[in-house]
Amino acid sequence: MAESTEYDLIVVGGGPAGYAGAIRAGQLGKKVACVEMERAGGTCLNWGCIPTKALLKSAELYQKIKKSDVYGITAKDVSFDFEKVMTRSRNVSGQMAKGIEFLFKKNKVDYIVGKAHVPAAGMVEIVEGEQKGKFLKAKNILIATGCKMRRIPGLEYDGERVMTSREALAITKQPKSVIIVGAGAIGVEFAYFFNALGSQVTLVEMLPQILPVEDEEVAKTLHRAFDKQGVKTFINTKCENFRVGKNSVKVDLITGDKKEEVEAEVLLSAIGVVANIEGVIGAAAKVELDRNYVKVDDNYQTSAKGIYAAGDIIGPPWLAHIATFEAVNAVNGMFGHGQPKRVKNFPGCTYCQPQVASTGLTEKAAKEKKLDVKIGKFPFTASGKAVASAESDGFVKVISDAKTGEIYGAHIIGSEATELIAEYGLAMELEGTVESIHQTIHAHPTLSEAIMEAAAASMGEAIHI
């Protein structure tokens with residue numbers, strides 16, 4: 001057998017689950033290694049959450065400058081350099097990846113760039129990279145290989161005409177037109193980005209609303225905003241007969257009995273993700289899967305003793321902050337630092353403009369559960385700060401128990417929604433009520449007052465509506 005090294009923990013994957021789990025183990029004084037096949041930070045940091053936020057910030061700023069006359073400011077000949085926008089995005093990712101690598105050193109984590117295979121419990125083999133052929137022994141293994149973009153069957157993804165979000169983050173020339181298949185968070189964010197910079201965007205979703213996991217009222221509001229911005233949006237629509245040519249892509253859109261052909265320079269596929277499990281776990285490890293995701297118990301341990309898993313690889317909702325939470329809890333549990341927590345309430349965020357953020361049950365889900373609820377809603381048009389900022393689109397909506405005021409869910413569409421949602425998340429974690437939110441004094445004028453006013457509205461006590 002090739003050379004081997006023994007650890008307390010080996011983490012396979014260096015994304016938000018993997019690097020967080022490795023760093024936490026390092027904090028606990030454990031001997032730990034993290035094996036990542038590309039670069040620390042994984043998909044989120046290098047090809048997902050972080051670079052897309054850099055792009056969206058450029059698009060948002062460009063749009064604000066174009067509309068500067070609203071604020072009494074004249075800005076002439078406003079333009080942008082698409083290649084510089086994309087380069088900045090890559091630089092932001094690079095900077096953050098260096099930060100993770102620094103944290104590895106700080107916490108004495110051995111960082112190995114390569115592809116790992118788990119042939120059996122207690123053993124990890126490096127199968128690609130400079131340390132190929134090396135075996136690592138460990139009392140504990142944490143699988144955190146995440147997911148990759150799902151692809152449309154039969155289509156060749158060449159990164160020029162047909163691409164996923166990953167390839168889209170590497171382009172340097174702006175497409176004049178884009179067809180985006182899938183209107184989840186990724187599809188919606190890219191639709192906003194390309195449209196804001198002047199590309200003609202067609203956004204297609206086969207389900208009855210864009211952002212299918214969000215509250216129906218929120219989704220409809222965003223749909224109207226996209227219509228106003230110039231995004232051509234289709235719902236209840238299937239894509240058929242993809243035809244990739246030298247200079248364009250053609251697709252037939254089927255909405256009920258209606259068929260329409262659309263054509264664009266580029267097709268961006270955003271139809272979801274699949275588990276990144278291929279070649280990761282050997283048969284001898286005897287790790288049980290569920291729909292190709294790794295199955296775990298309440299301690300994040302798989303069916304094989306000593307092998308744990310966390311993050312996207314154990315299934316939806318495929319969010320970076322959940323992956324981090326799960327990995328840290330898994331590591332705490334395996335080394336005796338309290339009973340691991342499983343995810344209950346969590347925020348979901350989409351960073352288009354207006355932003356969308358939510359936690360807990362939608363109104364529809366609450367009614368399907370036959371819960372007796374009250375709905376509190378406050379529009380940003382009644383918020384002094386929002387109006388003063390010329391960002392009054394959207395609202396805050398809170399769903400609570402009609403008798404006790406327990407908060408079941410909260411939904412925000414509007415400026416800084418992704419920052420504002422944290423207050424409702426904390427309230428739900430602390431088992432707070434709409435009354436406790438209402439009775440907490442919020443500074444005036446702030447956008448956060450809308451959080452308070454929505455809670456008050458559910459009790460019939462909102463002042464400003």
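Every read-out reported here was derived from the displayed coordinates using simple, explicitly stated rules and does not represent laboratory data. Not measured: the values here are computed from a predicted model. In this analysis, Cβ positions are derived from the backbone assuming ideal geometry, glycine residues included, and neighbour counts consider all displayed protein chains.
Numbers at a glance
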read-out	value
Distance violations [Cα-Cα > 25 Å] among K53/K106; K115/K238; K238/K369; K228/K385; K238/K374	K53/K106; K115/K238; K238/K369; K238/K374
Under Karplus coefficients 6.51, -1.76 and 1.60, residue-wise ³J(HN,Hα) of region 295-308 in Hz, glycine/proline x	8, 10, 8, 5, 9, 6, 8, 7, 5, 9, 4, x, 10, 10
The chain: calculated mean residue ellipticity at 222 nm from DSSP helix runs of at least 4, using -39500 (n - 2.57)	-9500 deg cm²/dmol
Part-to-part distance (alpha-carbon centres) for region 184-223 and region 94-156, which is given in Å	33
Radius 11 Å from Cβ of T381, net charge of other residues (Lys, Arg +1; Asp, Glu -1)	-2
Charge dipole (debye, nearest 20) of the chain; +1 at Cβ of Lys and Arg, -1 at Cβ of Asp and Glu	840
Distance-filtered residues of region 205-223 - backbone nitrogen under 14 Å, label point 7 angstrom along E260 Cα→Cβ	205-206
Nearest-0.05 FRET efficiency for K139 and K228, computed from C-beta distance (R0 41 Å)	0.10
Of K367/K403; K57/K220; K148/K364, pairs whose Cα-Cα distance is over 19 Å	K57/K220; K148/K364
Whole-Å semi-axes of the chain's equivalent ellipsoid (Cα gyration tensor)	38, 30, 21
At most 11 other Cβ within 10 Å, DSSP loop - GluC sites (Glu not before Pro), region 156-258	E156
Region 354-458: Rg to Rh, with Rh as the Kirkwood radius over Cα pairs	0.96
Along principal axes, Cα extents of region 162-271, largest first, whole Å	40, 31, 23
Neighbourhood net charge (13 Å Cβ-Cβ; Lys/Arg +1, Asp/Glu -1) for V178	-1
Label zone at K84, where the point sits 7 Å out along the Cα-to-Cβ direction: region 182-196 residues whose backbone N lies under 19 Å	194, 196
Residues I314, I10, sorted so that the one with the fewest Cβ neighbours within 10 Å comes first	I314, I10
FRET efficiency, 1/(1 + (r/R0)^6) with R0 35 Å, evaluated for Q439 and D298 via beta carbons	0.50
Among V287, L267, I399 the positive-end extreme of the charge dipole of region 252-405 (Cβ point charges)	I399
